[in-house]
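Enquirer: I have a structure here, written as structure tokens, and I will follow up with some questions on it.
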Amino acid sequence: MLQILLNGIIAGAIYALVAAGFALVYSTARFVHFAHGAIVAGGAYALFFFFERLAIGFWPAAVLAIAVAALLGWVCNELVYKPLRHRGATPLILLLAGFALLVLIESLLLLIFGADVKVIRVLPVERGMDFFGAIITPLQVVIVVVAALLLVGLHAFMSFTRLGRSLRAVASNKVVAQIRGISVEATYAKAFLLASAIAGVAGILVGMEYNLEPTMGTSLVIKGFTGAIVGGVDSVPGAILGALLLGVAENVAAWYLPSGYKDAVAFVLLFLFLLFKPNGIMGSNKGARK
Amino acid sequence: MDLKVAGIVLAVVVALGVVLSGAFELTGAVAGGPLPVKIGVVTDFTGPAASWGESTRMGAELAVAELEGNGMPVELVFEDYKLESRLAVTSVQKLVEVDGVDALYVEFNPGSLAVAPAMADSRIISMFDAAAESPIDYSQLSFKTYLDYRAGCRQLAQHFKADGVKSVGVLKANIEFGELCLQGVREIYPDAPVQSYDLGEADFSTPLARLLASGTGAVVQVGFESDALNSLRVIREKNLALRYGSSDDVVTQRVREEYASELKGGWLFGFASVSPEFKQEIWAKYGREPFNYYGAALAYTHVKQIARALYACGREVECAVEKLSESPADATIGFKRFEGRAAVFDIGITSGLGVAK
């Protein structure tokens, strides 16, 4: 049972890496940024390109991959979302634009890298370490630790840093934030940069743990979105917790139910929270928002 | 001459020319022989299976060159559907209604499963190169080729049983050939436990742990290369005492190189062989080998069969279907016969490391 729990925590940590950036954008810009999944995939492929194709050392390749992901997210905002916002686009329009970007970026990855499975081998695949009878690999430990650090770090960032407070101010009431001298568009741009950098980290870890396929971002963003809804989509720590819970629930359910129901678990959880607790575990329950 | 009159005369001359050239085509009165048989090939040239599609083209064109040498001209019309089902249907519509093909050769499950119902009322012979069996249920003019996954997985199970493995589990992809494989395994192990998954799933930790907990000593999985990579990685990382069985187009050279120790004691099924003569002919024509000899050999075999059947019957469809059904054995890729319009091949079993049994 401990192994199943551990499997769930590892899966949940991966979802949490995706959910964190996703929730950061939502909590600031107030729309569902589905292209976030493609940014994760972009980060993974960027690492593949720098580390495997150009044979740059791992750490420089990782830094470059994170930079590429951050840039990709920033470009999405500058070229697509920002012009749409200036034309008065509703969150629904922005959501549809996000879908279109997801498909576009994944198609570009397919065109550039091909559809065959890619593998990033930084660490050799070896037997994992024993942990009270369960087994976990060093990379999986890193994934869980990074997810935990994100939980703590992002909470501290949003609470105690100037940028974090700006993000919260814009999320809370952008008109008042503007009056206080906070540039809303600059804040959005920074949110996209930060969220996409986190997506880059997620892409690196996911790419090292699993294989790379151009459509890997789609399934990740669905799980990340579900986890964010469960935990509270406008709370970054909540989204991370929700994603962890989702990973554990899926794997425990897969142990007791036919494994084909694994995805059903995610969507049943989603429906239950949307029906009975739409703000999620840690989401705020504010009234009308600007 | 008045311009208006000149324009009318020109239009009449052009129209006459079009009509006459069409009439010549219809009557076959053009010097040079009979109208070529037209075969539409629907495959993937730019999508996930692009390298296989290119192999198909090589085999099909080699077949055409041979047929032309025997006085049976064939025109191939290729369509790229990128493994997207809706594109397969529109490609086939174009081939049938615009290009007027005499027969179709459709590759891979997504296209075959999408096109087959659409061809239910068609008068075109269709050959589906896919692991799924259902495409031939829609029309008496349809044929199916590629490996029999039920038979292949049954043979894997038989080999595991001969090795003394008490129970074999199945990691079943939620797609038709996954179900066929499960049926094959259960002919030998009726109580074989199963863990199913959707294509694209990357995490097999819990399903494999559950199979192991239910007492299985081996797992059979047919799917794609990424499935094998992900499963074998878990087997190694978690040190699971599980042998691995699959098809040899899933366990690629890359998989064998990376997971040689996990594949020891396992079994793979695939086509028994591709004839050395065919390989030589490919090299002679192209100066290189295809990404996958299977794809090239299948296209080569079936394009010839379809063309011969159509020529033998003057394109009369029912006659051609009968002739095609009676196609003789062909050593190119171990084709034995058609049974109920499904191709039967010699199935080869190799050890997990690719050593023939």
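No lab work stands behind these numbers, since they all come straight from the coordinates. Everything quoted here is computed from the prediction, not taken from an experiment. Note that each Cβ is placed from the backbone with ideal geometry, even for glycine, and that neighbours are counted across all protein chains shown.
Enquirer: What residue among A:PHE271, A:ALA20, B:VAL317 has its Cα farthest toward the positive end of the dipole of the protein assembly as shown, where the charges are +1 on Lys, Arg and -1 on Asp, Glu, each on the Cβ?
Expert: A:ALA20
Enquirer: Sticking with this one: How far is helix B:50-69 tilted, in degrees, relative to the longest principal axis of the Cα atoms in chain B, given as a value from 0 to 90 rounded to the nearest 10?
Expert: Between helix and principal axis, roughly 50 degrees.
Enquirer: Over region B:149-271, what is the mean sequence separation of C-alpha contacts under 8 Å (at least six apart), divided by residue count, expressed as relative contact order in percent?
Expert: Values: 227 pairs, mean separation 33.5, N = 123.
Relative contact order of region B:149-271: 27 percent.
Enquirer: Using only Cα atoms and rounding to the nearest 10 degrees, what angle (0 to 90) does helix B:85-97 make with the longest principal axis of chain B?
Expert: That helix lies at roughly 30 degrees to the long axis.
Enquirer: About the Cα centre of region B:149-271, what is the dipole size in debye to 20, counting +1 per Lys and Arg Cβ and -1 per Asp and Glu Cβ, all else neutral? Let's see the in-between values first.
Expert: Values: 14 positive and 16 negative charges, 97 e Å.
My answer is approximately 460 debye.
Enquirer: Relative to the first principal axis of the alpha-carbon coordinates of chain B, what is the inclination of helix B:149-162, with its axis defined by its Cα atoms, in degrees from 0 to 90 and to the nearest 10?
Expert: Helix B:149-162 sits at roughly 20 degrees to that axis.
Enquirer: Return the ratio Rg/(2.2 N^0.38 Å) for the protein assembly as shown, where Rg is computed over Cα atoms only. Please list the in-between numbers first.
Expert: Values: Rg = 28.7 Å, N = 647, 2.2 N^0.38 = 25.7 Å.
Normalised Cα radius of gyration, the protein assembly as shown: 1.12.
Enquirer: If you take every residue apart from A:ARG162 with its C-beta less than 14 Å away from the C-beta of A:ARG162, what net charge results, scoring Lys and Arg +1 and Asp and Glu -1? Mind dumping the intermediate values first?
Expert: Working: positive: A:ARG165, A:ARG168, A:ARG180, A:LYS190; negative: none.
That works out to +4.
Enquirer: Which helices count as membrane-span-like in chain A under these terms: full DSSP H, at least 24 Å along the axis by C-alpha, Kyte-Doolittle mean of 1.0 or more? Don't jump to the answer; show the numbers that get you there.
Expert: On the way: long enough: A:2-29 (39 Å, 1.73); A:58-76 (27 Å, 2.15); A:91-113 (32 Å, 2.71); A:138-160 (32 Å, 2.27); A:184-209 (37 Å, 1.36); A:236-256 (30 Å, 1.40).
Qualifying helices: A:2-29, A:58-76, A:91-113, A:138-160, A:184-209, A:236-256.
Enquirer: Over the whole of B:195-205, what's the average partner chain Cβ count within 10 Å per residue? Rounded to a whole number, please. All intermediate terms of the calculation are to be shown ahead of the outcome.
Expert: Working: counts 5, 5, 5, 5, 0, 5, 5, 10, 11, 2, 11.
Whole-number average of other-chain Cβ neighbours for B:195-205 is 6.
Enquirer: Note down the relative contact order for chain A as a percent, whole number, built from C-alpha pairs under 8 angstrom at least six residues apart. The partial results should precede the final answer.
Expert: Values: 500 pairs, mean separation 105.1, N = 290.
It comes to 36 percent, rounded to a whole number.
Enquirer: Among bridges DSSP assigns within chain B, what percent are antiparallel (round to 5)?
Expert: Numbers: 11 of 47 bridges.
Just about 25 percent of them are antiparallel.
Enquirer: For q values of 0.07, 0.11, 0.13 Å⁻¹, compute log₁₀ I(q)/I(0) with the Debye formula on a Cα-only model of chain A, without solvent.
Expert: Cα-only, vacuum Debye calculation for chain A: -0.25, -0.62, -0.87.
Enquirer: Let me ask another. Rank these for me by crowding, B:ASP121, B:ASP248, going from fewest to most other beta carbons within 10 Å. Write out the running numbers ahead of the final one.
Expert: Working: B:ASP121 8, B:ASP248 21.
Least to most surrounded, the residues fall as B:ASP121, B:ASP248.
Enquirer: Let me ask another. Assigning unit charges at the beta carbon (Lys, Arg +1; Asp, Glu -1) and nothing else, what dipole magnitude in debye, to the nearest 20, does chain A show about its Cα centre?
Expert: Numbers: 20 positive and 12 negative charges, 261 e Å.
Dipole about the Cα centre, nearest 20: 1260 debye.
Enquirer: What does the charge count around B:GLY217 come to, taking other residues whose C-beta lies under 15 Å from its C-beta (Lys +1, Arg +1, Asp -1, Glu -1)? Present the calculation step by step, with values, prior to reporting the outcome.
Expert: Details: positive: B:LYS161, B:LYS166, B:ARG210, B:ARG243, B:LYS264; negative: B:ASP163, B:ASP191, B:GLU262.
Charge balance in the 15 Å sphere: +2.
Enquirer: Given a cut-off of under 8 Å on Cα pairs at least six residues apart, what relative contact order in percent is computed for chain B?
Expert: Details: 676 pairs, mean separation 58.5, N = 357.
Taking the mean separation of contacting Cα pairs over the length of chain B, I get 16 percent.
Enquirer: Using only C-alpha positions, report the orientation-averaged shadow area of the convex hull of region A:7-56, nm², one decimal.
Expert: Numbers: hull surface 18.3 nm².
The orientation-averaged projected area of the Cα hull of region A:7-56 comes to 4.6 nm².
Enquirer: To continue, here is another question. Could you tell me how far the Cα centroid of region B:258-296 sits from the Cα centroid of region A:171-214, in Å?
Expert: If we compute the Cα centre of each part, the gap is 47 Å.
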